[in-house]
There are 2 protein chains.
Amino acid sequence: MEPVKVGLLGLGTVGGGTARVLQRNFDEIARRAGREIRIVHAAARDLPPGQIPEGAEGIPITEDAFEVVNNPDVDIVVELIGGYSPARELVMRAIANDKHVVTANKALIALYGNEIFSAAQEQGVMVAFEAAVAGGIPIIKAIREGLAANRIEWIAGIINGTGNFILTEMRDKGRSFGDVLAEAQALGYAEADPTFDVEGVDAAHKLTILAAIAFGIPLKYDRCYAEGISRISPEDVSYAQEFGYRIKHLGITRRTGSGIELRVHPTLIPQKRLIANVNGVMNAVLVKGDAVGPTLYYGAGAGSEPTASAVVADIIDVARALTSDPENRVPHLAFQPGSLADLPILSMEDVETSYYLRMNAADRPGVLAEVTGIFGKLGISIEAMKQKQPAEDETTVPIVLLTHKVAERQMNEALARIEALDAVSGPVVRIRMESLG
Amino acid sequence: MEPVKVGLLGLGTVGGGTARVLQRNFDEIARRAGREIRIVHAAARDLPPGQIPEGAEGIPITEDAFEVVNNPDVDIVVELIGGYSPARELVMRAIANDKHVVTANKALIALYGNEIFSAAQEQGVMVAFEAAVAGGIPIIKAIREGLAANRIEWIAGIINGTGNFILTEMRDKGRSFGDVLAEAQALGYAEADPTFDVEGVDAAHKLTILAAIAFGIPLKYDRCYAEGISRISPEDVSYAQEFGYRIKHLGITRRTGSGIELRVHPTLIPQKRLIANVNGVMNAVLVKGDAVGPTLYYGAGAGSEPTASAVVADIIDVARALTSDPENRVPHLAFQPGSLADLPILSMEDVETSYYLRMNAADRPGVLAEVTGIFGKLGISIEAMKQKQPAEDETTVPIVLLTHKVAERQMNEALARIEALDAVSGPVVRIRMESLG
C-alpha cells in the first residue's frame with residue numbers, strides 16, 4: 001500500500017518533535033497504521049542554515065507554507081505554526097485543495113473551528129485536532145469516541161500547565177505569584193507575555209473545544225468566561241489548605257437545565273480528589289458521564305514530544321479512515337495482524353524489582369549482621385531498614401527492610417538462606433516495589 | 001440511513017445496563033453515530049416472567065443465544081454472557097455468520113483472542129472489546145489509537161476493583177484481609193468464589209490484553225504471573241506507610257531488552273504518585289510512552305452502566321467503521337454536523353457555586369454579626385468560618401469563610417454590601433469552590 005504523504009507546516013518545538021517521533025518510531029507506526037507515514041514537504045521560516053531538525057533530513061523545506069499546501073503530492077497537511085494568521089488561510093486552502101488537515105492550534109479551532117469544520121464537511125475531508133487540548137492526553141478521542149454512549153454532565157480540567165506549575169509552587173513553597181511566574185519564564189514554561197497562560201485565555205480556548213464535543217454545540221469562544229490566577233495570594237493558598245482544599249485553575253463546563261456553564265477561574269477543590277493532586281506542569285481532565293460516572297485523564301499537556309504524540313495519533317487516525325476495509329481498520333490488537341511480534345515473556349526469576357521484606361528475628365545481638373551479611377554476599381543492597389519494638393512476651397522482633405533493585409532469582413536465593421537461619425522464625429514476607437517514575 | 005441492528009446476548013448486570021443506556025441516550029447516541037442503534041433480538045436465560053429489563057421492552061427474547069447469532073437481521077452481536085463456553089462458540093458462530101462482535105469478556109479474549117481475531121480478520125468482521133479491560137475507562141482505545149505514535153515502554157494498572165477496595169479498607173481502617181473480603185462479598189463487590197479477584201486471575205486476563213495491544217504481541221495468558229493479595233497483613237500495610245509507600249495490587253507489563261515482563265502482584269508504590277491515591281473500587285491505568293511520557297486513565301472498572309458505557313462505545317465505533325464516507329466518520333465535534341444543538345451558554349451571574357471568601361475586618365465586637373447579617377438577608381448560608389489572629393501592629397483581622405452554593409448574582413450583591421461596611425477594609429477576595437463529587 002502507498003505511504004501516506006504528509007506536508008508539515010512548522011519545524012519549531014512541536015513540528016520538530018513530530019518529525020523526530022515519525023522517524024524514530026517509523027516501523028512501529030507502520031505496524032500500527034498498516035502503511036508508512038512519510039513527510040514529503042515541510043515549511044519553516046528562519047531556520048538557521050544547516051540546522052535541519054532530526055527526522056526532517058532530506059525533506060524539501062520551503063519558506064512559503066502555501067507551497068506545501070498546494071503540493072499535489074501531499075495527502076495530509078499538518079499545521080503546527082500556531083496563531084490565527086496565516087494558519088487560518090493555510091488550513092482553509094488545504095481544505096479547498098482536498099487535503100486532510102491535522103492541527104495543534106487551539107486558538108484557531110476555538111475561534112474559527114465552526115467555519116473550518118463546515119468547509120471540511122462540504123469538501124469531504126477530515127480536520128483532526130487532538131493536540132489542541134491537553135497536549136499528549138487523548139482527551140478529544142476519549143470524549144468523542146470512548147464516552148460516546150454517555151450524556152456528558154460536566155467536565156473540569158487543569159488544562160494549562162504553566163498555571164498549574166505556578167499554583168503548585170505557591171502551595172509547596174509558600175511563594176508569591178510574581179516570584180514563581182518569573183521563574184516559570186526563566187525555565188521557558190511561560191511565554192515572555194504570559195497573559196494567555198495566567199489570565200486563562202489559553203485554557204478558555206481549550207475549554208471551548210471540550211464543551212463543543214461534550215454537548216454537541218458549536219464552538220463559542222466569545223461566550224467563555226475567563227479569570228486568571230494573578231490575584232491569588234499565598235494566604236489564600238494556605239487558608240484553603242486549612243479547610244482541606246487546594247486551589248487549582250480549572251476550566252469547567254456543565255450542562256444545566258437552563259444552559260451550558262463555560263468558565264475558567266481559580267477554584268477550591270477538596271484535596272482528597274485525585275485532580276487536586278495533579279501537580280507541576282501536568283494536565284488532567286475529569287469528565288462526568290451519565291453512564292460511566294467520573295473518569296479522569298492525566299498526562300503532559302504541552303512540550304515537544306507529548307504534543308507530537310497527539311499530532312501523530314491524528315495522522316494515523318486520518319490514514320486509517322481513508323479506507324475502512326478490513327486491512328485498514330484499527331487492528332484488533334493495535335498492530336496489523338501480519339506485524340505482530342513474538343517477543344518472549346520473561347519468567348519472574350528474570351524480573352528485577354526492589355523489595356519490601358519483613359521477617360521475625362530473635363531479639364539478640366548479631367542477628368542483623370547475619371541477615372545483612374547474606375544480602376551483602378549476594379550483591380543485594382539495602383535502601384532502608386527498621387527494627388520494630390518487640391511486643392510484650394515476645395522473644396522475636398519484626399525487621400522491615402527496603403532493598404534496591406535485584407533480579408528475583410537473587411532474592412529467592414537470599415530469602416532461602418535467611419529463612420534457614422536459626423535466628424529467623426517463619427517465612428519472610430516479600431512484596432515487590434515499583435517507583436513508577 | 002438504516003439503523004444498526006444489535007443482537008444482545010445476556011440481560012444480566014452488563015446486558016441490562018447496555019439495554020438501559022441504549023434506550024435512555026437513544027437520541028444523543030444517534031446524533032453522535034449518525035444513525036440509530038436498535039436492539040432487535042436478545043437472549044437471556046432464567047429471566048423471571050414479567051421481569052423485562054428497562055430498554056428491552058418489546059424486543060423478542062429467546063433462551064437460545066444461537067438463535068440471535070443466526071438471525072440474519074442482526075448486524076452486530078453483543079456478547080455479555082461471560083465465561084468460556086458457550087461464549088466462545090457463540091462468538092465464533094457470529095463471525096462465521098459475517099456479523100461484527102462486541103464483547104466485555106476478558107477471560108474469553110485473554111485465552112481465545114488469538115483464534116477469535118484471526119477468524120474475524122479472515123471473515124472481514126470486527127471484534128471490539130473495550131469493556132473487557134477497566135470497565136468504563138476507554139483504555140483500549142487510548143493505547144491502540146490515542147497513543148499510536150508511541151513506543152510503549154510499560155503499563156501499570158489497578159485493574160481489579162474488588163482487590164483495590166480490600167487494600168483501601170485495610171489501609172484506611174487497619175482491618176484484616178479476611179474481614180474486608182467478607183464485607184466485599186456481602187456488598188456484592190466480590191463473587192462468592194473470590195479467587196478470580198483476590199488471586200489475580202481477573203487482573204491477569206486484563207493485563208494479557210493490555211500487553212498485546214501495547215507491544216504488538218499475541219495474547220499470552222499462560223505466560224502471565226499472578227500473585228494475589230490474600231497474604232497481605234495489616235502490619236505490612238502500616239509499615240509500608242511508614243516508609244512513604246502504599247500497597248496496591250498492580251498488573252505490570254514492561255518491555256525490556258530481553259523480553260516482556262507480564263506480572264500481577266501486590267506492589268509498594270510511593271504514596272505521592274497519583275495512582276497510589278486511587279482508592280476503593282476505582283481502577284486506573286498508568287501508561288508510559290516514549291513520546292508522550294506517563295499518562296493515566298482513571299474511572300469505574302466495573303458495574304452495570306460503566307461497563308455498558310464501553311460496550312455501547314464499541315457498538316458506535318463498529319457502526320462508524322461500516323462505512324467511512326464523510327457522513328459516517330467520527331464527526332469533528334463528536335456529533336453529526338446537522339445534529340449540533342444551539343444550547344445557550346450561561347452568564348457567570350447565573351452560575352451557582354460555593355465560595356471561599358477572605359476579607360479584612362476591624363478587630364472589634366459586632367463586625368462578624370454585620371457580615372453574617374448580610375449573608376443571612378440574601379439567603380447565603382455559611383459552611384465554615386475562621387477568624388485569624390491579627391498580625392502585630394494591625395487593627396484588622398482576616399476573616400475567612402466558606403459558603404454553600406449560591407448564584408453569582410447573589411454573591412455579587414452580598415460582596416458589594418460587605419465592601420461598603422465601614423468595618424471592612426479593601427476588597428473581599430472571592431474564589432469559587434467545586435466539590436467535583
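Give the long-range amide H neighbours of residue B:226: residues separated by 5 or more places, or on another chain, with amide H under 5 Å away, using H modelled in the peptide plane at 1.01 Å from N.
B:264
Arrange A:314, B:202, B:342, A:236 by Cβ neighbour counts within 10 Å, fewest through most, would you? Don't skip to the answer; put the middle values down first.
On the way: A:314 31, B:202 27, B:342 8, A:236 20.
Result, fewest neighbours first: B:342, A:236, B:202, A:314.
Gap in Å between the Cα centre of the range A:131-195 and the Cα centre of the range A:31-63?
For the range A:31-63 versus the range A:131-195, the Cα centre distance is 29 Å.
For the range A:212-218, take each phi angle, set θ = phi - 60°, evaluate the Karplus expression 6.51 cos²θ - 1.76 cosθ + 1.60, and give the result in whole Hz per residue in order, putting x for glycine and proline.
Computed from phi, the couplings for the range A:212-218 are 4, 6, 6, 10, x, 10, x Hz.
Relative contact order, percent, of chain A when contacts are C-alpha pairs under 8 Å separated by at least 6 residues?
Worked out over chain A, it gives 15 percent.
Using Cα springs under 10 Å in a Gaussian network model of chain B, which residue among B:298, B:355, B:189 shows the largest mean-square fluctuation?
Result: B:355 has the largest fluctuation of those listed.
Which residues' amide hydrogens lie under 5 Å from the amide hydrogen of residue B:246, considering only partners 5 or more residues apart or on another chain, with H built in the peptide plane?
So residue B:246 has HN proximity to B:269, B:271.
Partner chain Cβ atoms within 10 Å, averaged over the residues of B:274-283 - can you pull that number for me? List each step's numbers first, then the result.
Numbers: counts 10, 4, 2, 5, 2, 2, 0, 0, 5, 1.
Mean partner-chain Cβ count within 10 Å for B:274-283: 3.
At residue B:389, with labels set 7 Å past Cα in the Cβ direction, how many nm apart are the copies from this one, shortest first?
Counterpart label points of residue B:389 in the remaining copies fall at 3.3 nm.
Per residue of B:263-271, count partner chain C-beta atoms within 10 Å of its C-beta, then hand back the mean as an integer. Can you show the working numbers first?
Numbers: counts 8, 0, 6, 4, 8, 10, 4, 5, 0.
The shielding value for this peptide is 5.
Which listed residue (B:128, B:412, B:208) has the Cα farthest towards the positive end of the charge dipole for chain B, taking +1 on Lys and Arg C-beta and -1 on Asp and Glu C-beta about the Cα centre?
B:208
Can you compute the equivalent ellipsoid semi-axes for the protein assembly as shown, i.e. the square root of 5 times each eigenvalue of the Cα gyration tensor, sorted largest first and rounded to whole Å? Walk me through the numbers on the way to the answer.
Working: eigenvalues 321, 317, 179 Å².
Its equivalent ellipsoid spans semi-axes of 40, 40, 30 Å.
For A:237-244, what's the mean count of beta carbons from other chains sitting within 10 Å of each residue's beta carbon? Let's see the in-between values first.
On the way: counts 1, 0, 10, 6, 0, 4, 9, 2.
Partner-chain Cβ atoms within 10 Å, mean over residues of A:237-244: 4.
Going by C-beta contacts inside 10 Å, put A:4, A:40, A:180 in order with the fewest on the left. List each step's numbers first, then the result.
Values: A:4 23, A:40 17, A:180 20.
Least crowded to most crowded, the residues run A:40, A:180, A:4.
In a shell of Cβ-Cβ distance under 13 Å around residue A:215, excluding residue A:215 itself, what net charge do Lys and Arg (+1) and Asp and Glu (-1) give?
On the way: positive: A:144, A:151, A:220, A:223, A:254, A:255, A:288, B:31, B:32; negative: A:153, A:261, A:290, B:28, B:342.
Local charge sum for residue A:215: +4.
How far is helix B:408-419 tilted off the main Cα axis of chain B, in degrees rounded to 10, range 0 to 90?
20 degrees
Given Cβ point charges of +1 (Lys, Arg) and -1 (Asp, Glu) and nothing else, what value in debye, to the nearest 20, does the dipole of the protein assembly as shown about its Cα centre take? Let's see the in-between values first.
Details: 84 positive and 112 negative charges, 121 e Å.
Using only the charged Cβ atoms, the result is roughly 580 debye.
Near residue A:280, within a Cβ-to-Cβ distance under 15 Å, what is the net charge of the other residues, with Lys and Arg +1 and Asp and Glu -1?
Working: positive: A:171, A:173, A:175, A:246, A:248, B:272, B:273; negative: A:169, A:172, A:183, A:197.
For residues surrounding residue A:280, the net value is +3.
What is the Cα centroid distance between the range A:333-396 and the range B:395-437, reported in whole angstrom?
Cα centroid of the range A:333-396 versus Cα centroid of the range B:395-437: 55 Å apart.
Provide the per-residue ³J(HN,Hα) series for the range B:9-23, in order, calculated from phi with Karplus coefficients 6.51, -1.76, 1.60 and θ = phi - 60°, each as a whole number of Hz, with x at glycine and proline positions.
These are the phi-based 3J(HN,Hα) values: 9, x, 10, x, 4, 7, x, x, x, 5, 4, 5, 5, 4, 6 Hz.
Taking springs between alpha-carbon atoms closer than 10 angstrom, which of B:110, B:420, B:96 fluctuates most in the Gaussian network model of chain B?
Judging by the Gaussian network model, the answer is B:420.
What residues have an amide H closer than 5 Å to that of residue A:302, excluding those fewer than 5 places away on the same chain, when H is modeled at 1.01 Å from N in the peptide plane?
A:136
So what's the net charge close to residue B:313: Lys and Arg +1, Asp and Glu -1, counting the other residues with Cβ under 14 Å from its Cβ?
On the way: positive: A:141, A:144, A:151, B:32, B:141, B:144, B:320; negative: A:145, A:290, B:28, B:130, B:145, B:305, B:314, B:317.
Value of the local net charge: -1.
Report, to two decimal places, the Cα Rg of the range A:139-301 normalised by 2.2 N^0.38 Å (N = number of residues). Don't jump to the answer; show the numbers that get you there.
Working: Rg = 15.5 Å, N = 163, 2.2 N^0.38 = 15.2 Å.
Normalised by 2.2 N^0.38 Å, the Cα Rg of the range A:139-301 equals 1.02.
Spelling out what I want: for every residue of the range A:220-231, take phi, set θ = phi - 60°, compute 6.51 cos²θ - 1.76 cosθ + 1.60 (Karplus), and round to whole Hz; glycine and proline get x.
Listing the rounded values in order: 10, 4, 5, 9, 8, 7, 9, 10, x, 10, 5, 9 Hz.
Could you give the size of the charge dipole of the range B:34-75 about its Cα centre, using +1 on the Cβ of each K and R and -1 on the Cβ of each D and E, expressed in debye and rounded to the nearest 20? Show your work: numbers first, answer last.
Numbers: 3 positive and 9 negative charges, 21 e Å.
That gives the range B:34-75 a dipole magnitude of about 100 debye.
How do B:262, B:147, A:378, B:187 line up, fewest other C-beta atoms within 10 Å first?
On the way: B:262 27, B:147 31, A:378 14, B:187 11.
Sorted ascending by nearby Cβ count, the order is B:187, A:378, B:262, B:147.
What residue among B:175, B:409, B:263 has the largest mean-square fluctuation in a Gaussian network model of chain B, using Cα springs under 10 Å?
B:409
Determine the calculated [θ] at 222 nm for the protein assembly as shown from helices alone, applying -39500 (n - 2.57) to every DSSP H run no shorter than 4 residues and normalising by the residue count; nearest 500 deg cm²/dmol.
Details: 26 runs with 292 residues, N = 874.
Rounded to the nearest 500, it is -10000 deg cm²/dmol.
Structure shown: which of A:220/B:405; B:248/B:272; A:248/B:272; A:141/A:248; A:377/B:272; A:173/B:388 lie over 23 Å apart, alpha-carbon to alpha-carbon? Display every interim value, and only then the final one.
Details: A:220/B:405 26 Å; B:248/B:272 13 Å; A:248/B:272 18 Å; A:141/A:248 25 Å; A:377/B:272 33 Å; A:173/B:388 21 Å.
Among A:220/B:405; B:248/B:272; A:248/B:272; A:141/A:248; A:377/B:272; A:173/B:388, the Cα-Cα distance tops 23 Å for A:220/B:405; A:141/A:248; A:377/B:272.
Once you charge only the Cβ atoms, +1 for Lys and Arg and -1 for Asp and Glu, what is the size of the charge dipole of the range B:348-433 about its Cα centre, to the nearest 20 debye? Display every interim value, and only then the final one.
Values: 10 positive and 13 negative charges, 47 e Å.
Approximately 220 debye in magnitude.
Each reported figure results from applying straightforward, stated rules to the coordinates on display, with no laboratory input. On a predicted model such as this, the values are computed, not experimentally measured, just so you know. As a convention, Cβ positions derive from the backbone with ideal geometry for all residues, glycine included, and neighbour counts pool all protein chains shown.
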